[in-house]
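Q: Structure in structure tokens, see below.
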Amino acid sequence: MQSFFIFCSGADTTILDQSSEGERTKYAGIGATVFFTALMAFFAASYALYTVFDSYWIAGAFGFVWGLLIFNLDRYIVSTLKKSDKKINEIWQATPRIILAIIIAVVISKPLELKIFEKEIDRVLLEEKNQMTLENQEQVAQLYAVEESAFAKAIQDLKTEITTKEVEVNALYNNYITEAEGTSGTNKLGKGPVYKEKREKHDAALSELTALKEKNTEKIASIESQIAALQQNEATQLAESQPIIDNFDGLMARIEALNKLPFLTSFFIFLLFLAVETSPIIAKVLAPRGEYDLKLAEREELVKSWVTQQKQQQDVLVQTDKELNNRVYADIAEEDALYAYKKKMARELMQQQADAFYKKQKGILG
């Protein structure tokens, strides 16, 4: 277990094997912090992705990859932080790593905050869903309100037309009855010519009323069927849009709901994860230079000296070879035999070029 945590710390095991047990324990503790931070990142990312994909396998796979990424980053951050004689140099080295650790802490803490405050978030989401349902019903009702109002007005006009005709028929009925009773009109008791004339007007109006009722009843039935179809469309649209509202509980919705909760509790959870994430870096900065750090610095200095020495030797070798080449070529340049040979070859080359040019020009001229 100690060897595994030392591996997690990114320390050089060869040097640690030659160091004291205290040094091994220190770096095992740093490695354990790196490991458990990555483990928390795995659980946090798995839960966050489960709220998105609603699948344990997908969430677990992506969460495992995310945990490995956080593990690698933390291990790199801790292993590259070198101890120095001056604390200011270590703090300067640690500054960008602490900033990266803060970013990682935010990413890790947020999904776990969502799980910790799940009940409170569900309550906020329920209120938002209810509000969205009411707003959706109002919006859909407004879409169909104009047509429904027009249909209702048309039905009312048809009913008003029937009522008006009924009033007219009743008035004609009263006219011919009172005429027969002798209480109006000619004031003569009995069914005379005036009575017959008023009775005929009433009967004609009654026939018109009967026909009007049949016609308007058919129109009202037709309009009511259109209203029913319109209401069915409205209900269908509400039914189709309601699942969208019911499923309004994704990752972003939950984060927004979390932001509506009291800030202080969530902030303390973030501070907890920030402390866990930055603890390996802070531990390395605050700890004095130990045996491992001294041996590591000694090895790096040896490697640096060796590389510097090799580079210097290579530079001297290159410079020496350059000077030797210059002397060799200078001596060769003064030899008469080499001059005569190159002069002969140059003369032959110029003759061949002249012959080739002559043949080409002769071919062009025909």
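Q: Size of the dipole of the chain about the Cα centre, Lys and Arg at +1 and Asp and Glu at -1 on the beta carbon, nothing else charged, in debye to 20?
A: Approximately 1360 debye in magnitude.
Q: Give the Rg/Rh ratio for segment 1-86, taking Rg as the radius of gyration of the Cα atoms and Rh as the Kirkwood radius, to two decimals.
A: 1.13
Q: Can you give the relative contact order of the chain as a percent, counting alpha carbon pairs under 8 Å and 6+ residues apart? Write out the running numbers ahead of the final one.
A: Working: 277 pairs, mean separation 80.9, N = 366.
This gives 22 percent for the chain.
Q: By how many nm would the segment from Asn174 to Thr160 lengthen if fully extended, with 0.36 nm per residue of separation less the alpha-carbon distance? Present the calculation step by step, with values, prior to reporting the outcome.
A: Working: separation 14, 0.36 × 14 = 5.04 nm, distance 2.11 nm.
Extra length from Asn174 to Thr160 when fully extended: 2.9 nm.
Q: For the chain, which longest stretch is free of loop sites, where a loop site is one of the trypsin sites (Lys or Arg not before Pro) that DSSP puts outside H, G, I, E and B and that has at most 16 other Cβ atoms within 10 Å?
A: 87-187
Q: Okay, moving on. Roughly how far apart, in whole Å, are the Cα centres of segment 206-252 and segment 38-77?
A: 51 Å
Q: Compute the distance in nm between two label points, each set 7 Å from the Cα along the Cα-to-Cβ direction, one at Arg299 and one at Lys322.
A: Label-label distance for Arg299 and Lys322, simple model: 3.7 nm.
Q: Would segment 127-251 count as rounded, prolate or oblate if I go by the C-alpha gyration tensor, calling it rounded below 1.5 in a/c and otherwise prolate when a/b exceeds b/c, oblate otherwise? Display every interim value, and only then the final one.
A: Values: a/c = 7.50, a/b = 4.43, b/c = 1.69.
Since a/c reaches 1.5 and a/b is larger than b/c, the shape of segment 127-251 is classed as prolate.
Q: Say R0 is 56 Å: what FRET efficiency, to the nearest 0.05, do Thr265 and Ala239 get from their beta-carbon distance?
A: The computed FRET efficiency comes out at 0.90.
Q: Hey, rough spin-label estimate for Tyr329 and Phe43, points 7 angstrom out along Cα→Cβ, what's it come to in nanometres?
A: 7.2 nm
Q: Can you give the extra length, in nm with one decimal, that the chain gains between Ile255 and Ser279 once fully stretched, where that is 0.36 nm per residue apart less the Cα-Cα distance?
A: Once the chain is fully extended between Ile255 and Ser279, it gains 6.0 nm.
Q: List Tyr176, Tyr329 from most exposed to least, where exposure is judged by having the fewest other Cβ atoms within 10 Å.
A: Tyr329, Tyr176
Q: Given Lys153/Lys198; Lys82/Lys260; Lys284/Lys304, which pairs have Cα atoms separated by over 32 Å?
A: Details: Lys153/Lys198 35 Å; Lys82/Lys260 42 Å; Lys284/Lys304 24 Å.
Lys153/Lys198; Lys82/Lys260, as the Cα separations exceed 32 Å there.
Q: Pick out which of Phe35, Phe263, Phe248 has the largest mean-square fluctuation in a Gaussian network model of the chain, springs linking Cα atoms closer than 10 Å.
A: With Cα springs under 10 Å in the chain, the top fluctuation among Phe35, Phe263, Phe248 is at Phe263.
Q: Now for a separate question. In units of 2.2 N^0.38 Å, what is the alpha-carbon radius of gyration of the chain? Write down the numbers at each step before the final one.
A: Values: Rg = 50.1 Å, N = 366, 2.2 N^0.38 = 20.7 Å.
The value comes to 2.42.
Q: Please enumerate, by chain and number, the aspartates and glutamates with C-alpha under 16 Å from the C-alpha of Lys295, excluding those fewer than 8 residues away in the same chain.
A: Leaving aside aspartates and glutamates fewer than 8 places away in the same chain, those within reach of Lys295 are Asp12, Asp17, Glu21, Glu23, Asp85.
Q: In the chain, which whole DSSP H runs stretch at least 20 Å along their own axis (Cα) and average -0.5 or higher on the Kyte-Doolittle scale?
A: Values: long enough: 21-53 (47 Å, 0.75); 56-79 (33 Å, 1.14); 87-116 (40 Å, 1.00); 118-181 (86 Å, -0.63); 193-246 (77 Å, -0.75); 263-286 (31 Å, 1.94); 291-333 (63 Å, -0.93); 336-365 (44 Å, -0.84).
What comes out of the filter, once short or polar helices are dropped, is 21-53, 56-79, 87-116, 263-286.
Q: How many nm is it between the label spots at Thr217 and Met1, if each spot is 7 Å from the Cα in line with the beta carbon?
A: Placing both labels 7 Å beyond Cα along the Cβ direction yields 9.1 nm.
Q: Can you give the longest stretch of the chain with no exposed loop site, where a site means GluC sites (Glu not before Pro) in a DSSP loop (not H, G, I, E or B) with at most 16 other C-beta atoms within 10 Å?
A: Answer - 1-333.
Q: Continuing with the same structure: Using only the Cα atoms of segment 307-365, construct the convex hull and provide its projected area averaged over every direction, in square nanometres to one decimal. Walk me through the numbers before you get to the answer.
A: Working: hull surface 29.3 nm².
Value for segment 307-365: 7.3 nm².
Q: Now for a different question. Calculated from DSSP H runs of 4 or more alone, at -39500 (n - 2.57) each and per residue, what is the 222 nm mean residue ellipticity of the chain, nearest 500?
A: Only helices count here, giving -32000 deg cm²/dmol.
Coordinate-derived values only; no laboratory data. Please read these numbers as outputs of a predicted model, since none were measured by experiment. Cβ: placed from backbone, ideal geometry, glycine included. Neighbour counts: every protein chain shown.
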